[in-house]
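The values are calculated or read from the model by the stated rules, or taken from the named source; none is laboratory data. Everything numeric here is computed off the predicted structure, so don't read it as measured data. For the accessible areas, the whole protein counts, side chains as well, though only heavy atoms, and no ligand, DNA or RNA atoms are used. Shrake-Rupley method; radii C 1.70, N 1.55, O 1.52, S 1.80 Å.
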Amino acid sequence: ERGRLQARIATLSRRLSDTSENLAGLRSTRAHIDRTIAEMDLASGEILDNSQTLLDVLKKEMRDLGKIIDP
C-alpha cells in the first residue's frame, strides 16, 4: 500500500509540475498578447488623431478653394 501511494504521489507531483510549467507559459503568452493589444490601441489612437487632422486640413482647403472659385 505504501509503495502504491508513493508511486501515486510521484505521478501527481509530475502532473503538478507539468501543469505549473504550462501555466507559466500561458501567463507569458497572455502578457505578450496584453502588450500587443496595448500597442495596437495606442497606434489606432494615433491613426485616429492623424485622420482627424487630415480631415480638418481637407475641409480648410475645400473652403479656401471655394473662395478662389466663387469670390
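With respect to the conditions (1) at pLDDT below 95; (2) open to solvent by 70 Å² or more (accessible area, probe 1.4 Å), GLN52 falls short on a single one, namely (1). Every residue in region 1-44 that is open to solvent by 60 Å² or more (accessible area, probe 1.4 Å), within 27 Å of the chain's Cα centre (by Cα) and of a type in the set (Val, Ile, Thr), please. Within region 1-44, THR19, THR29, ILE33, ILE37 qualify.
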